[in-house]
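One structure is given below, encoded as structure tokens.
The values are calculated or read from the model by the stated rules, or taken from the named source; none is laboratory data. In this text, all values refer to a predicted model and were calculated from it rather than measured experimentally. Neighbour counts are summed over all protein chains in view; Cβ atoms, including those assigned to glycine, are modelled from backbone coordinates with ideal geometry. With ligands, DNA and RNA removed, areas are computed over all heavy atoms of the protein, side chains included. Shrake-Rupley method; radii C 1.70, N 1.55, O 1.52, S 1.80 Å.
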Amino acid sequence: LGRLMQQHFKTSLPSIEQIREGTDWMSDRVLFYDKVGNAKLDSIVEVFSYAARKFGVNFFVLDSLMKCGVHPEDFKGQQEFVDTIQNFAREYGVHVALVAHSRKKGDDGEVVSRLDIKGSSVLGDLPELVVTMHRNRKKERDRPIVGYTEL
């Protein structure tokens, strides 16, 4: 949430007023399902279905595949997971973003692609849209930001 506030207000140190404004805006727009430990696919789909029906939620973020009870070497399980999530999204007319981490690269500044997703190739092949992101730590180190505080 801290980084979200930084990005929204375009400042490394949002003011108390900005934080209040941001949390007020999110109060009836953002729901969290805070599960400690691994969440099973059936439970995830049940909670998401409830949120879609009861609250009209239309965008879900699953962070991350590694905490959804699918073993990194279980490629068949990963395909079944993605298929089930896609079926849920189509049935309810919603979007689901699944966070799947990349394999470690040798260089912090190296850009990742869908081919670098850790796990089965279906994680980059089956989804309708794949977005890759990386944090360019080398660029951060080379360009210090005055007053920047890691949250």
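Yes or no, residue by residue, for (1) assigned to a helix (DSSP H, G or I); (2) open to solvent by 100 Å² or more (accessible area, probe 1.4 Å); (3) in contact with a Ser or Thr (Cβ under 8 Å, 6 or more places away or on another chain); (4) not aliphatic (A, V, I, L, M):
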| site | (1), (2), (3), (4) |
| --- | --- |
| Thr11 | no, no, no, yes |
| Asp24 | yes, yes, no, yes |
| Gly37 | no, no, no, yes |
| Ser43 | yes, no, no, yes |
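With respect to the conditions (1) under 20 Å from the mean Cα position of the chain (by Cα); (2) in a helix (DSSP H, G or I); (3) surrounded by 11 or more Cβ atoms within 10 Å (Cβ to Cβ); (4) basic (Lys, Arg), Arg20 lacks only one, and its number is (1). Between His101, His71, the distinction of being free of Cβ contacts under 8 Å to residues at least 24 places away in the same chain and closer than 24 Å to Lys35 by Cβ belongs to His71 only.
The set of residues in the stretch 99-124 being outside any helix (DSSP H, G or I), closer than 25 Å to Phe59 by Cβ and not small (Gly, Ala, Ser) consists of Val99, His101, Val112, Ile117, Lys118. Would you be able to say whether some residue in the stretch 50-67 is basic (Lys, Arg) and under 29 Å from Met5 (Cβ atoms)? Yes, the stretch 50-67 contains at least one residue that is basic (Lys, Arg) and under 29 Å from Met5 (Cβ atoms). Residues that are open to solvent by less than 30 Å² (accessible area, probe 1.4 Å), closer than 22 Å to Ser102 by Cβ and touching a helix residue (DSSP H, G or I) at 6+ places or on another chain (Cβ under 8 Å) within the stretch 45-82 comprise Phe60, Leu62, Leu65, Cys68, Val70, Gln78, Phe81, Val82, listed in sequence order.
Residues in the stretch 5-52 that are within 15 Å of Val94 (Cβ to Cβ) and touching a residue at least 12 places away in the same chain (Cβ under 8 Å): Leu31, Tyr33, Ile44, Val45, Val47, Phe48, Ser49, Ala51, Ala52. Among the residues of the stretch 83-95, those that are loosely packed, with under 13 Cβ neighbours inside 10 Å and more than 23 Å from Asp28 (Cα to Cα) comprise Asp83, Asn87, Arg90, Glu91.
Being part of a strand (DSSP E or B), in contact (Cβ under 8 Å) with a residue 40 or more places away in the chain and not polar (S, T, N, Q) holds for only one residue in Val61, Val96, and it is Val96. Could you please find all residues in the stretch 114-130 being surrounded by 15 or more Cβ atoms within 10 Å (Cβ to Cβ) and touching a residue at least 40 places away in the same chain (Cβ under 8 Å)? Within the stretch 114-130, Gly119, Ser120, Val122, Leu123, Leu126, Pro127 meet the criteria. Return a yes/no flag: does the stretch 65-84 have any residue that is at pLDDT 90 or above, in contact with a Ser or Thr (Cβ under 9 Å, 6 or more places away or on another chain) and not in a helix (DSSP H, G or I). So far as the stretch 65-84 goes, yes, one or more of its residues are at pLDDT 90 or above, in contact with a Ser or Thr (Cβ under 9 Å, 6 or more places away or on another chain) and not in a helix (DSSP H, G or I).
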